Amino acid sequence: MTKDPRRNEGANAKWHDLRLRLCCAVSQSRLVATLHVTPRHNGGVPDVVESPLEVRSVEPEQSTRDDRPWIVLVWNDPINLMSYVTLVFQKLFGYSLEKATKLMLDVHEKGRAVVSQGSREKAEIDVYRLHEHGLWATMQKEDSGQL
């Protein structure tokens, strides 16, 4: 059986200071603290000395945010009836019968239709709900030239 080198096997073992660096990102600053643990030779609880807290500024990354909204696309499939797709659009998005029917016909004739748009979180929820109802749906950044 091999001994675990990390275990203390008695008072004669040599101890070294243990330095533990705790980093927490807070807003756009990084808090850094160093703990020095010095064990006692009599087997008691080690002394812990904490150094003063440093605050280091972290440069924000260049903003490459894209402010285009996300769109939710429903794709044509060979499974669902047109009347069912219309009903799902009315139920999930609160569309009128006319709007839901128009979107369903776009899906049927063009192969896809944009059924909602908004933030990424909203698009993710809409796609999830459409999947729950058995429809094929995806999300992507809006690209006015593509659709």
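The values are calculated or read from the model by the stated rules, or taken from the named source; none is laboratory data. For clarity, every value in this text was computed on a predicted model and none was experimentally measured. Because the Cβ atoms are built from the backbone with ideal geometry, glycine has one as well, and the counts that use them run over all protein chains shown.
Quick look at the values:
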| quantity | calculated |
| --- | --- |
| Residue within the stretch 88-105 that is more than 21 Å from GLU142 (Cβ to Cβ), of a type in the set (Phe, Trp, Tyr) and surrounded by 12 or more Cβ atoms within 10 Å (Cβ to Cβ) present | no |
| Test for TYR84: is it assigned to a helix (DSSP H, G or I) and aromatic (Phe, Trp, Tyr) | yes |
| Residue in the stretch 41-48 that is of a type outside the set (Lys, Arg), part of a strand (DSSP E or B) and modelled with pLDDT under 75 present | yes |
